[in-house]
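Structure first, then comments.
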Amino acid sequence: MNIKSLCLITLFAAVLVPFIAIAAEPLTLESSIEIALKNSIVLDMAKEGVKAATAQKREAITGFLPKLNTSYSYTRLNEAPFSRFQGLPPVPPFSALNGMEIPAGTKDNYNWTIEARQPLFVGGGLIANYQATKIAEDAAQIEEIAKRQDVVQDVKIAYYDILRAQKIMETARQSVEMLTAHREVALNYFKVGMIPKNDLLRAEVELANGKQSLVKAQNAVELTKARFNTVLKRKIFAPVEIADVLKYQPFEKSLEECFEIALQNRPELKIASLRAKQAGKLVNTARSEYFPTLSLVANYGRFGDNPSVAGSDFKDAESWYVMGVASWNFWEWGKTKFRVDASTAKENQALGAQRELNDQVALEIKYASLILQEAEKQIAVSQKVIEQAEENFRISEERYKERVATSTEVLEAQTLLTKAKSEYANALGDYNINYAKLQRAMGVIIQ
């Protein structure tokens, strides 16, 4: 090997080794959640909802501030305005056939005005509208939290599903190894005439079934990884290596404690409460139309017979005034009443939805708690069953080697052991998944 080849190999190693190291490092649950939150489209939509609600609140604030408007106009008359005095003799140059006419304006008229209008009283509608939009902003922010918790729950479920599938796949692989070893023993016994061919065929059939189960388990792992990549918004075929965090951690809170935690933390309950409050404010907004409105108006204007609005021989260049304006729509054929009735009905609807959601959350917590307890008991049972199945398989295998047990007994013992390990993996996965669901039901999954 020459120096040039050695340099190239060194260069490739320097470039590739870091990437290999990075690719081989497994994803933790925390880093997976971070990636999912960063890439989540649902969360981006929720953030846009917060922006929209904030903009609407700022729009409502402008209702308290004075409104400014300006206009510029040009008017061309067919003739210059004049005043006619009947019965007076015409005096040049102001003369006419039927009396004296005196010019009072110009044909070309330019006007520019600027006006400020400050609302003073609108029946409480401005305040109620602002309060409603402020509540809507708070609800949108909590909605973002709820979507964030949904993403975290989805990541945890997908993460635990992979670990469960991998444990089941490992159990299937161990089963194939044990079946292969048993088949080799059976083959040796058959060659020396110690067992009939049926026993060998039975061992080979079970080995084939075990290999098929291993293929299914491998496919299940790939499917869970694909779903995991989908949740994280990664390419569906991207390689997935994750850290094993599938474990049993006792949950010691009572059902009543879980519900109290949900009342304090569940985002959906907070949103429902805010929606009911917002509906009440909208009722006040509708009721404000029963009252008159009072505004202060200030106007400044300029006039001229040319575009510079510098005045004319007949009118001053500028003028201004300040006035108070009171208006009251006292009859609209029940329009305001109907609007108040509709808003009141929506408020009652929101209050009913809030009470209904409380019941749904209580039922959700109850269900998640029961499923969690079921999985917890299954873990304890499966651990005991595994111990017994391992001992049963060991004894059956030893007895078979000593020719006091049949091949069928060994295969049955091996099947029981594989089933016990698979049930334990399922129970452990179900426990962690339902633990995450219970945390989401209480609104503390991010904590």
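What the table shows:
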quantity: Whichever residue in the stretch 51-70 is without any contact (Cβ under 8 Å) to a residue 24 or more places away in the chain and of a type in the set (D, E, K, R) and, among such residues, is nearest to Lys134 (Cα to Cα); calculated: Arg58
quantity: Residues that are under 29 Å from the mean Cα position of the chain (by Cα) and either surrounded by 14 or more Cβ atoms within 10 Å (Cβ to Cβ) or of a type in the set (A, V, I, L, M) (or both), drawn from the stretch 334-359; calculated: Ser343, Ala345, Lys346, Glu347, Ala350, Leu351, Ala353, Gln354, Leu357, Asn358
quantity: Total residues in the stretch 287-323, condition of a type in the set (Gly, Ala, Ser), buried (at least 19 other Cβ atoms within 10 Å of the Cβ) and closer than 21 Å to Thr113 by Cβ; calculated: 1
quantity: Of residues in the stretch 303-322 being small (Gly, Ala, Ser) and not in a strand (DSSP E or B), the one nearest to Tyr72 (Cα to Cα); calculated: Ser308
quantity: Residue count for the stretch 197-243, restricted to those that are among the hydroxyl-bearing types (Ser, Thr, Tyr) and within 23 Å of Val410 (Cα to Cα); calculated: 1
quantity: Flag for Asn284 being in contact with a Lys or Arg (Cβ under 9 Å, 6 or more places away or on another chain) and buried (at least 16 other Cβ atoms within 10 Å of the Cβ); calculated: no
quantity: Condition met for Ala116 (crowded, with 17+ Cβ neighbours inside 10 Å, under 49 Å from the mean Cα position of the chain (by Cα), modelled with pLDDT of 90 or more and not hydroxyl-bearing (Ser, Thr, Tyr)); calculated: no
quantity: Residue check for Leu163: touching a Leu at 6+ places or on another chain (Cβ under 9 Å), surrounded by fewer than 21 Cβ atoms within 10 Å (Cβ to Cβ) and in contact (Cβ under 8 Å) with a residue 12 or more places away in the chain; calculated: no
quantity: Failed criterion for Phe259 (all others in (1) touching a strand residue (DSSP E or B) at 6+ places or on another chain (Cβ under 8 Å); (2) surrounded by 15 or more Cβ atoms within 10 Å (Cβ to Cβ) hold); calculated: (1)
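The values are calculated or read from the model by the stated rules, or taken from the named source; none is laboratory data. Bear in mind the structure is a predicted one, so any value in this text is a computation, not a measurement. Counting neighbours? That spans all protein chains shown, and the Cβs are built from the backbone with ideal geometry, glycine included.
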